[in-house]
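The structure under discussion appears below in the form of structure tokens.
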Amino acid sequence: MMIKKKAQEELIGFALIIILVAIIGLIFLGFSLKNSQKEIVESYEVESFIQAFLQYTTDCGNYRENYLPIQKLISACVDDKTCLDERDSCDVLSSTLTGIIEESWKVDGDRPIQGYELKIVLEDGTEVIPLISKGNSTKNSKGVLQPFMPLGENYEIYFTVYY
Amino acid sequence: MKRQKSKILICSSLTSQTKAQLKIQQMVFMLLAVTLFFVLVGMLVLALRFAGIKESATEIEEKNAMLLVTRIANSPEFSCGNAFGKSRTNCIDADKVMMLKKNIDKYDNFWGRETNIEIRKIYPKGNVVCTIRNYPDCNLINLQSEEIHAEHSNFVSLCRKDLINGEVYDKCELAKIMVSYKDWREVQK
């Protein structure tokens, strides 16, 4: 009797172990099969955005070129130059960048993007133009630091998108 | 006495044989039960796997579109090359793309089956579709002339040659290149 009971107990124990291992295996399988979701903002989007807007041709002309791209307009702003039509280069830079960012990263309503910040600074930390920002900062963000050195001067562009 | 002894011996050998048979039976049943259990688990796993096959196919198409969108601006069919001075990153030659659109049938399935590419100017904003007649006073270049649904996008600089006061200069605008992919989940059974 005792021997029979022992055998039955062993069998139940073995079966329980198998069931437990199978359940744990299924849980791990479930996690591995779960699809990874696309990020709301990808890093490559933010990087490409900065590279693209630096090449944007503004309506600020000078004597050498017809119209300046943003990259050269930043240098013109630092050197306190004016456009051919007497507008301040920094004002043109600020308004153009504000327009570009507003159209590219919509923040109103129930959109996934909650806010953004753009900062252009010199090597010593001085802001070239006032900070351009909109919306709220959240704990989820994608940001890029883009250094560039036109004609030996060092500038840094910080752009962060919050979602 | 002898009869009793032989009876005892016969009984004990019968008992041990029965025990052994019982043990073998127990083992066989256990093995059967374990095998059946693993077969059921395997069938469950297969059922779960194949239930998500449309999602997997869509995921693969989506990944291809995402890889394409990060690299396509630098491909020879789209890139500015040295046409606008020094070599530029993420720069698309709009004039080249319009010619590509004219000969798009030669690029059938070149970037993938049922993949469409659209370039939309972000700033300044607009919704005018580009044709040979209205170019460059337009905002949207759709290569296959089909609507885009599921897509991945990336920012690019859309450049072209423009004239002012009889002088040619480089004009670059901010745009988004969108690569569509097939969403298998929308395919009807």
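List of remarks:
- The dipole here belongs to the protein assembly as shown: it is taken about the Cα centre, uses +1 on the Cβ of Lys and Arg and -1 on the Cβ of Asp and Glu, and is about 4120 debye.
- Sum of side-chain charges, A:Ser89 neighbourhood, beta-carbon under 9 Å (Lys, Arg +1; Asp, Glu -1): -2
- Across peptide B:89-99, the average count of Cβ atoms from other chains found within 10 Å of a residue's Cβ is 2.
- Among B:Lys176, A:Lys106, the ranking by other beta carbons within 10 Å of each residue's beta carbon, starting with the fewest, stands as A:Lys106, B:Lys176.
- If you run the Gaussian network model on chain A, springs between alpha carbon atoms under 10 Å, then out of A:Ser133, A:Ser48, A:Ser141 the most flexible one is A:Ser48.
- Structure remark: mean-square fluctuation, Gaussian network model of chain B, C-alpha springs under 10 Å; the largest value among B:Asn64, B:Asn103, B:Asn90 belongs to B:Asn103.
- For the stretch B:167-175, Karplus couplings with θ = phi - 60° (6.51, -1.76, 1.60), whole Hz, Gly/Pro x: 10, 7, 9, 8, 10, 10, 10, 7, 9
- Which listed pairs, of B:Lys86/B:Lys176; A:Lys106/B:Lys106; A:Lys72/B:Lys106, have C-alpha distances above 32 Å, in listed order: A:Lys106/B:Lys106; A:Lys72/B:Lys106
- Over chain B, DSSP H runs of length four or greater, each weighted -39,500 (n - 2.57), average out per residue to a 222 nm ellipticity of -14500 deg cm²/dmol.
- Between the Cα long axis of helix B:53-71 and the first principal axis of chain B there is an angle of about 40°, rounded to the nearest 10.
- Checking the Cα-Cα distances for B:Lys101/B:Lys125; A:Lys134/B:Lys171; A:Lys6/B:Lys23 against a 19 Å cut-off, the pairs over it are B:Lys101/B:Lys125; A:Lys134/B:Lys171.
- Note on chain A: with a GNM built from Cα contacts shorter than 10 Å, the maximum mean-square fluctuation among A:Tyr63, A:Tyr44, A:Tyr116 falls on A:Tyr63.
- Each Lys and Arg Cβ is given +1 and each Asp and Glu Cβ -1; about its Cα centre, chain B then shows a dipole of about 2120 debye.
- Whole-Hz couplings from phi, Karplus 6.51/-1.76/1.60, listed for the stretch B:84-100; x for Gly and Pro: 10, x, 5, 4, 10, 8, 6, 10, 10, 7, 5, 5, 5, 5, 5, 5, 4
- Relative intensity of chain A on a log10 scale, I(q)/I(0) at q = 0.10 Å⁻¹, equals -0.51, per a Debye sum over C-alpha point scatterers of equal strength in the absence of solvent.
- Counting charges near B:Glu77 (Lys, Arg +1; Asp, Glu -1) among other residues having Cβ under 11 Å from its Cβ returns a value of +2.
- Over chain A, Cα pairs under 8 Å with separation of 6+ residues give a relative contact order of 18 percent.
Only the coordinates and a few stated rules stand behind these numbers; no lab work does. The structure displayed is predicted, hence computed values, not measured ones. Counting neighbours? That spans all protein chains shown, and the Cβs are built from the backbone with ideal geometry, glycine included.
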